[in-house]
Amino acid sequence: MTTPLELQSLAIEIAREAGALAAQRRREGVHIAATKSALADIVTDADREVEELIRDRLSTARPGDGFLGEESGEGTSTSGVTWVVDPIDGTVNYAYGIPAYAVSIAAVQGTADPAEWTALAGAVFNPAVNELFVAARGEGARLHSAIEGERRLAVAEPSPAGALIATGFGYDPATHAGDLARLSSVMPLARDIRRIGAASLDLVGVAAGRLDAYYERGLHPWDLAAGTLIVEEAGGMTGGYSGERAGREMTVAAAPEFFRRLTDLLSN
Ligand code: IPD
Ligand code: CA
Ligand code: CA
Ligand code: CA
């Protein structure tokens with residue numbers, strides 16, 4: 001039996017190596033390899049190369065584990081553990097040179113479906129600012145930051161001035177009317193809105209108390225696996241509109257009381 005802390009150590013080691021590779025490729029110049037679901041939904045050579053490195057390191061260290069990655073799909077698990085990986089979350093930021101992108105690596109138990117898995121460990125590493133956010137189930141969440149130093153993470157309750165709320169908009173133009181309707185419905189609770197451009201960084205931003213809340217529709221398992229565990233281990237809540245787990249339909253993250261206020265608003 002491997003402990004969540006052992007899985008966390010492996011996630012950290014690989015996320016740091018993968019992040020260094022992403023940053024190095026960024027300095028050398030970004031090449032857009034293809035578009036995916038829409039013209040705006042790009043994939044770069046680095047997305048693929050970084051995922052290959054992560055997959056290779058994981059299969060060497062833990063050959064019985066499954067794998068689910070954004071760029072290379074799924075591999076089966078014989079150990080019960082599956083790694084859910086976004087090699088570069090925030091690819092559009094990466095392509096434009098905005099230093100808000102991250103490697104996101106999580107180990108989950110059971111299936112690779114966010115509605116059913118038990119997340120065991122996660123690491124989100126932003127190499128552009130050298131910040132690493134980590135959690136292991138039952139062990140809390142921590143930040144190792146070149147800017148802030150080291151600290152335990154804890155979610156924040158919004159101030160009476162209103163909440164700083166982050167969100168994201170899907171690549172598919174057909175979803176934009178819904179995105180805008182949700183945005184106007186949450187405005188009464190907001191002091192301001194942030195669109196950071198990387199779901200994993202939105203989630204760990206909530207865990208770190210840098211954001212009061214985050215919500216987004218349309219996320220994939222790799223966008224949310226590490227970040228939702230980090231929020232929960234920082235004392236926050238994550239989920240969908242009304243009691244279900246976070247997933248494609250809706251992902252909300254916030255401190256418990258504000259989580260309930262925000263999901264009430266979003267579900268009406
Ligand atoms: C995207 C980012 C973005 C979110 C999209 C994701 P990618 O991931 O997290 O913030 O709005 O839904 O797909 O494609 O950059 O890994
Ligand atoms: Ca992508
Ligand atoms: Ca992503
Ligand atoms: Ca990605």
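The values are calculated or read from the model by the stated rules, or taken from the named source; none is laboratory data. Being a predicted model, the structure only gives us computed values, none of them experimental. Every residue, glycine among them, receives a Cβ derived from its backbone with ideal geometry; neighbour counts consider all protein chains shown.
Of the conditions (1) within 20 Å of Ala100 (Cα to Cα); (2) hydroxyl-bearing (Ser, Thr, Tyr); (3) within 16 Å of ligand 3 (Cβ to nearest atom), Thr175 satisfies every one except a single condition; which number is it?
Result: Thr175 fails condition (1) only.
So, Gly197, is that one away from ligand 1 (no atom under 12 Å from the Cβ), in contact (Cβ under 8 Å) with a residue 40 or more places away in the chain, closer than 22 Å to Ala102 by Cα and assigned to a loop (DSSP other than H, G, I, E, B) or not?
So Gly197 does not fit the description; no.
Could you please find all residues in region 145-164 being β-branched (Val, Ile, Thr) and closer than 21 Å to Met187 by Cα?
Val155
What is the residue count in region 73-110 for residues that are among the hydroxyl-bearing types (Ser, Thr, Tyr) and within 18 Å of the chain's Cα centre (by Cα)? Step through it out loud before you land on a result.
Restricting attention to region 73-110, the residues satisfying the condition of being among the hydroxyl-bearing types (Ser, Thr, Tyr) are 76-79, 82, 91, 94, 96, 101, 104.
Now restrict to residues that are within 18 Å of the chain's Cα centre (by Cα): 82, 91, 94, 101, 104.
So the count comes out to 5.
Quick one: which residue in Thr251, Thr167, Thr263, Thr238 is over 16 Å from the mean Cα position of the chain (by Cα) and either acidic (Asp, Glu) or not assigned by TED's automatic domain parsing to the domain that holds Ala121 (or both)?
Thr263
Could you check region 80-147 for strands (runs of 3 or more DSSP E) lying wholly inside it with 2 or more residues that are farther than 24 Å from Ala61 by Cα? Please lay out each step first, then the result.
On the way: elements: 81-89, 102-109, 118-126, 131-136, 140-145.
Because the criterion is at least 2 residues that are farther than 24 Å from Ala61 by Cα, the strands (runs of 3 or more DSSP E) in region 80-147 that meet it are 140-145.
Do we find that Gly218 is assigned to a loop (DSSP other than H, G, I, E, B) and in contact (Cβ under 8 Å) with a residue 60 or more places away in the chain in this structure?
Values: assigned to a loop (DSSP other than H, G, I, E, B): yes; in contact (Cβ under 8 Å) with a residue 60 or more places away in the chain: no.
So Gly218 fails the test.
Of the residues Ala128, Ala154, Ala141, which is modelled with pLDDT of 95 or more, in contact with a strand residue (DSSP E or B) (Cβ under 7 Å, 6 or more places away or on another chain) and surrounded by 13 or more Cβ atoms within 10 Å (Cβ to Cβ)? Steps first, please.
Working: Ala128 fails: in contact with a strand residue (DSSP E or B) (Cβ under 7 Å, 6 or more places away or on another chain); Ala154 fails: in contact with a strand residue (DSSP E or B) (Cβ under 7 Å, 6 or more places away or on another chain).
Matching residue, one of Ala128, Ala154, Ala141: Ala141.
Please work out which residue is farthest from Ala177 (Cα to Cα), limiting yourself to region 218-237 and to residues that are more than 14 Å from ligand 3 (Cβ to nearest atom) and surrounded by fewer than 24 Cβ atoms within 10 Å (Cβ to Cβ).
Residue satisfying both the conditions and the ranking: Gly235.
Report, by residue number, each residue of region 37-67 that is without any contact (Cβ under 8 Å) to a residue 24 or more places away in the chain and either within 12 Å of ligand 1 (Cβ to nearest atom) or crowded, with 19+ Cβ neighbours inside 10 Å (or both).
Phe67, the sole residue that qualifies.
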